[in-house]
Amino acid sequence: MKDASAALEERFDWCHAEAHKLGFKGFGRFEQMRHQYGSLEAARMLVISGEFQNGFTWCFDHGRPDITVEQAVIDFADEFRAAFGRAQGDAIVSSAKWRVEAAKAGVRK
């Protein structure tokens, strides 16, 4: 699998920094996953997970859905499709969109 673009890496770094400024300290697991699997695979693993991670719900609870991994996946949809193939990329992006919409509707678990 190809590496994430510099722009996507910068986006994830920005999300981490923004959450940290707001007081969230739980990005460690995602950072470990990025280091171990690469950013694209780490994001895929989180987005297709059956549970909402603490960071995701925290971002929504603090009015910052823009700094979620899911929103980054949506914004960089073409990169995920290119990396994982059209069918799997579409599934990853659709999962991210569903999670964001569910959280906006108040679903947090």
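We did not get these values from a lab; they are worked out from the coordinates using the rules stated. Computed from a predicted model, the values in this text were never measured in an experiment. Cβ sites come from the backbone with ideal geometry, for glycine too, and all protein chains shown count toward neighbours.
The table that follows gives values for the structure above.
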quantity: Elements of type helices (runs of 4 or more DSSP H) contained in region 1-81, each with 2 or more residues being under 20 Å from Lys104 (Cα atoms) and among the basic types (Lys, Arg); calculated: none
quantity: Matching residues, region 12-40, being under 16 Å from Phe60 (Cα atoms) and surrounded by 14 or more Cβ atoms within 10 Å (Cβ to Cβ); calculated: Cys15, His16, Glu18, Ala19, Phe24, Phe27
quantity: Yes/no for Val47 being touching a residue at least 24 places away in the same chain (Cβ under 8 Å), in contact with a Cys (Cβ under 9 Å, 6 or more places away or on another chain) and closer than 17 Å to Gly89 by Cα; calculated: no
quantity: Residue count, region 67-96 (criterion: in contact (Cβ under 8 Å) with a residue 12 or more places away in the chain and either of a type in the set (Gly, Ala, Ser) or surrounded by fewer than 16 Cβ atoms within 10 Å (Cβ to Cβ) (or both)); calculated: 9
quantity: Total residues in region 82-99, condition among the β-branched types (Val, Ile, Thr) and assigned to a loop (DSSP other than H, G, I, E, B); calculated: 0
